[in-house]
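Quick note: the coordinates plus some simple rules give every number you see, no bench work behind them. Note that the structure is a prediction, hence the values are computed from the model and not measured. Cβ sites come from the backbone with ideal geometry, for glycine too, and all protein chains shown count toward neighbours.
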Amino acid sequence: MIAQIATALIFLVSLWLIFSEKLNRTIAGLCGAVLMVGLGKLLHFYDETQAVAAVDFNTLGLLSGMMILVALLEPTGFFQFLAVWAGRFSRGRPVRLLILLGTVTTIVSMFLDNVTTVVLIAPVTILICEILGVNPMPYLMAEALLSDTGGVSTLVGDPPNVLIASAAGFSFNDFLTHALPIVIVAWLSALWLLRFLFRRELAVRPPNADVVLKLNPRESLDDPKTARRVLIVLGGTILLFFLEEPLDLSPALVALGAAAVGLVWVRPNINDVLRRIEWSVLVFFAALFVMVGGLEASGVLGGLVTLLEKLYAIPPMLFGLVLLWFSAGLSAFVDNVPITIALIPVLQGLESHGVNVQPLWWALAFGAGFGGNGTIIGSTANIVVASISERTRTPITSKLWNKRGLPVMLVTCTVASVLYLLLYPLFTR
């Protein structure tokens with residue numbers, strides 16, 4: 001009992017530190033992991049070997065492989081090219097600009113890390129808005145909210161999806177057949193809602209609409225040759241994701257293999273590439289895996305599974321809806337990654353007790369993905385966009401995000417709930 005209380009306390013304190021931003025999330029995760037292993041050795045229920053075994057290296061391999069591809073593509077100017085192209089094609093019309101920038105960011109973040117995507121596209125968005133003489137706030141928020149929503153549609157589009165796919169054994173194609181149809185409807189609903197929420201800002205006629213037509217997207221491409229090579233490798237990577245089941249390949253092997261091919265073909269300065277990889281994210285993931293392993297070893301998760309087994313007496317569809325909204329609510333106030341990592345072994349425990357958890361995995365994916373839109377700290381992309389907005393005259397505050405982001409979360413979760421019920425037989429397979 002002492003071990004269970006202590007491990008639960010360590011995990012909850014670590015989440016609080018991450019939520020309150022009292023400590024950097026990577027530092028908080030590392031401290032929690034060290035305390036968890038130290039306590040486990042002291043009370044003889046968890047040690048270093050078990051901690052290493054708790055880390056999901058398939059997830060880390062997939063993330064690191066895709067990060068290397070992004071690190072190769074980032075300095076070429078490709079992301080800026082897309083943003084400038086969207087600005088020019090919009091012809092300075094605010095609604096069209098919002099749709100184009102939101103769509104471009106979403107499509108890119110379906111296959112690459114959405115944090116990196118918004119980091120690179122948001123500054124160009126601000127520049128385009130300054131040229132037009134309009135408020136960049138609606139466009140920045142739309143990029144974050146729509147990329148968070150659209151990222152739920154693919155295996156590599158959102159970190160919780162990577163975690164869920166590794167734990168449940170889902171393939172890239174599984175997400176296209178099960179998640180993509182629902183995400184399309186949710187994304188369109190979010191876009192319509194954003195158009196309504198920002199109707200006042202989008203009604204302002206840009207004073208310099210003609211200037212944006214003079215922008216040349218090609219001037220944003222610093223290295224077209226490298227961009228072409230990396231895009232070819234990325235295209236091959238996506239093709240192999242489609243074929244991973246017939247070829248019996250793991251997503252991590254595909255991503256790391258693609259990264260190796262990209263490095264050999266491009267021959268970059270390896271130190272520059274390594275500096276662009278988000279090592280803090282990988283360490284944060286590993287630390288969370290270690291902490292959850294400690295919760296499992298101490299019996300905390302086993303007790304939670306027993307409790308959920310009693311709740312499972314309600315109709316399975318209703319249980320899935322409860323999980324969807326529960327994970328969405330938590331993800332709105334704590335980053336959706338630790339919530340997903342914490343709930344994965346709970347679902348695995350239910351499965352070991354004979355419960356069909358196939359539909360529950362998808363409920364978790366929708367809840368964690370869409371729930372991150374609810375607050376400014378719900379996803380890393382939200383925090384990044386809010387930080388970049390501080391360069392403008394209208395920075396994005398938590399209060400503003402709650403007014404615009406929370407309705408998007410509620411609408412997308414409602415859409416997902418309705419379609420989850422209608423398509424429930426699909427998720428049981």
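Across the chain, the longest piece that holds none of the GluC sites (Glu not before Pro) lying in DSSP loops with up to 11 other C-beta atoms within 10 Å covers 22-389. Seen from all directions on average, the chain presents a Cα convex hull projection of 20.5 nm². Phi angles across the range 238-252 convert, under the Karplus curve 6.51 cos²θ - 1.76 cosθ + 1.60 with θ = phi - 60°, into 3J(HN,Hα) values of 4, 4, 5, 4, 5, 9, 5, 6, x, 8, 6, 10, 8, x, 5 Hz, Gly and Pro given as x. Extension gain for Val322 to Lys214 (0.36 nm times residue separation, less C-alpha to C-alpha distance): 33.7 nm. Hey, for a label at Val264 modelled as a point 7 Å past Cα toward Cβ, could you say which residues of the range 229-247 have their backbone N under 14 Å away? Within reach of a label on Val264, which here means backbone N under 14 Å from a point 7 Å along Cα→Cβ, the range 229-247 contributes 233. When the Cα atoms of the range 329-373 are aligned to their principal axes, the ranges along those axes come out at 33, 16, 12 Å in descending order.
If R0 is taken as 35 Å, the Cβ-Cβ distance between Glu130 and Asp223 corresponds to a FRET efficiency of 0.85. Where the alpha-carbon atoms of the range 123-221 are placed on the principal axes, they occupy 52, 34, 17 Å, in descending order.
Sorting Ile164, Ile68, Ile232 from the fewest to the most surrounding beta carbons within 10 angstrom yields Ile232, Ile68, Ile164. Applying a DSSP loop filter and a limit of 16 other Cβ atoms within 10 Å to the trypsin sites (Lys or Arg not before Pro) in the range 14-69 leaves Lys22.
Along its three principal directions, the equivalent ellipsoid of the range 1-159 from the Cα gyration tensor extends over semi-axes of 42, 17, 12 Å, largest first. To the nearest 10 degrees, how steep is helix 94-109 against the longest Cα principal axis of the chain, on a 0 to 90 scale? Helix 94-109 and the main axis of the chain meet at about 40 degrees. Approximating the spin labels as points 7 Å out from Cα along Cα→Cβ, the Leu426-to-Asp47 distance works out to 4.9 nm. Between the range 135-183 and the range 20-53, how many Å separate their Cα centres? About 29 Å separates the Cα centre of the range 135-183 from the one of the range 20-53. Placing pseudo-labels 7 Å out from each Cα toward the beta carbon at Leu12 and Arg200 gives an inter-label distance of 4.1 nm.
Extents of the range 200-314, largest first, come to 64, 50, 33 Å (Cα atoms, principal axes, whole angstrom). What residues have an amide H closer than 5 Å to that of Ile396, excluding those fewer than 5 places away on the same chain, when H is modeled at 1.01 Å from N in the peptide plane? Answer set, sorted by chain and number: Ser389, Glu390.
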